[in-house]
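As structure tokens, the structure follows; a few thoughts come after it.
The values are calculated or read from the model by the stated rules, or taken from the named source; none is laboratory data. These numbers were taken from a predicted model, which means no experiment stands behind them. As a convention, Cβ positions derive from the backbone with ideal geometry for all residues, glycine included, and neighbour counts pool all protein chains shown.
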Amino acid sequence: MILRIIIYAAILYAIIYALRGIFGSINKQVNRDERGDGSGGDVAADDEMIVCPECGTYFPSGIGIPRRVGRERHSFCGEECAQGYSLRGGPPEEAGP
Ligand SMILES: [Zn+2]
């Protein structure tokens, strides 16, 4: 009698634990989506790979550093690239062949 109650309690606990894991992962996804829509709408989705206009490195847009240069908005792979680009006011000059 008591043993059966304990088994039921254990099963119930396992179900709750599993559900909490599932809902936990859903909540994380929702938070990521909300963060992407937060600002202006011209920021790319989280996991999209974009090119740093300064050094040409591919990186996920989620870690990019947004910087307004002149009339355009760019995302850079790092603070150094953002500074270099904005100080020059444009893309780096192509070296001759
Ligand atoms: Zn860069």
Looking at (1) within 16 Å of the ligand (Cβ to nearest atom); (2) at pLDDT 90 or above, find the lone condition where Ser61 falls short. (2)
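Limited to the stretch 58-94, what total is found for residues that are hydrophobic (A, V, I, L, M, F, W, C) and part of a loop (DSSP other than H, G, I, E, B)? Even if it seems obvious, please write down each step before you answer.
First pass over the stretch 58-94, keeping only residues hydrophobic (A, V, I, L, M, F, W, C): 59, 63, 65, 69, 76-77, 81-82, 87.
With part of a loop (DSSP other than H, G, I, E, B) added as a condition, the list becomes 77.
Result for the stretch 58-94: 1.
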